[in-house]
Amino acid sequence: MSLGPLIGLVARLRVATRVPPILLLASLPMLAALACESDTSPITFISERDGNPEVYVMQPDGSEQVRLTSTDALDSRPLWAPNGTSVAFMSQSSDADAEIVRTTADGAEQIRVATSPGMNRQHVWSPDSARIAFVSDRSGSLEIWHLSVDGSDLRQLTQDSTGVDLGHWSPDGASLLFTTTEPAGIVMRNPDGVNVERLTEHPDQSPRWSPKGDMVAFVSPGDDGLRDVFVMNVDGSERRALTQNDGDNYHPRWSPDGRRICYVSTTDGDAEIFVMDADGNNQQQLTKNEAEESSPVWSPDSKRIAFVSDLYTETEIFTMERDGTEQKRLTNNDFEDYQPDW
């Protein structure tokens, strides 16, 4: 196990236990052993149980559900920093543009990172947790920007783009993936340089780097409008479909160990969670009901998947083993809970 995840684990345990960091660092060998057996990383999510969408965290068994935000704003899309010390989310007040806000893991400190002017959305973390990229119309059109996590050093990445959607930051931090509608396709750009490489010339969506940075997963619509999950090399070569069925297949997510991809498919009539090997083999349906499942996300140890289901009318958050067994309901209330990140 690499040192990065252990540092994140130390940071989260420090918040949860208040143990001095020097004692936790001294326990790194033991923590490494525990991390190999099970994942104790908290899950962040959005809940409307307090009257409007707020950011929460909870333990992976559903215990210790703690609210991190308490405002009149509409909060959404909470994402853990790769080092596990903070959560970035979008927040929009009724009288202001949407902002990107960063909060510590215990909610004690909140910093408005990307503020007005402009609507700011679709944020993603850099792999070193030092910068946040996002989409904003502050220049008059939707473009990609990035800045430091304290809100300084704002830089514009794209200009005169049409229909830009931010994808994913490469594991080495050297490149960002995004899509455009005119011309349609996936584009790769180095944030600190001038290189722009168009990888596809199709209306492709949702590009995601593999954990090793050697492949890209994405979705592409067919002539009937239904999407399939594809992969390709990072230079755009060897594009191939992993799913080919009568359903709509979308939201691909690599497991952190790079061995599997989970995704959502409507091949049985409802939106269900599926998993397959990274080469498309061994496709397996994990959820089976008449409800709608969405937003699958892997645990950091690649053993479990968190997801959202509206089986009980209101959306709730569940987890399951990567083979679909041991399904567990984590949230249980009369309000909406959604957008988990692990």
Hey, can you grab everything whose amide H is under 5 Å from the amide H of Met215? Only 5+ residues off in sequence or another chain; H modelled, so Pro and N-termini drop out. Ser210
Surrounding net charge for His202, when Lys and Arg each add one and Asp and Glu each subtract one, Cβ distance under 15 Å: -4
Compactness index (Cα Rg / 2.2 N^0.38 Å), the chain: 0.97
Burial ordering of Val124, Val57, fewest other beta-carbon atoms within 10 Å first: Val124, Val57
The chain: longest segment with zero exposed GluC sites (Glu not before Pro), where exposed means DSSP loop plus at most 13 other C-beta atoms within 10 Å, is residues 110-200
Would you compute, from DSSP H runs of 4+ residues alone, the mean residue ellipticity of the chain at 222 nm, taking -39500 (n - 2.57) per run and dividing by the full residue count, rounded to the nearest 500? -2500 deg cm²/dmol
Between segment 298-342 and segment 121-157, the alpha-carbon center distance in angstrom: 29
So, relative contact order of the chain in percent, Cα under 8 Å, 6 or more apart, is 10
Normalising by the residue count of segment 30-177, find the relative contact order in percent from Cα pairs under 8 Å and 6+ residues apart. 12
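Read the figures in this text as sums done on the coordinates, not as results from a lab. Owing to the predicted nature of the structure, the values given are computational and were not obtained by experimental measurement. Cβ atoms come from the backbone with ideal geometry, glycine included; neighbour counts cover every protein chain shown.
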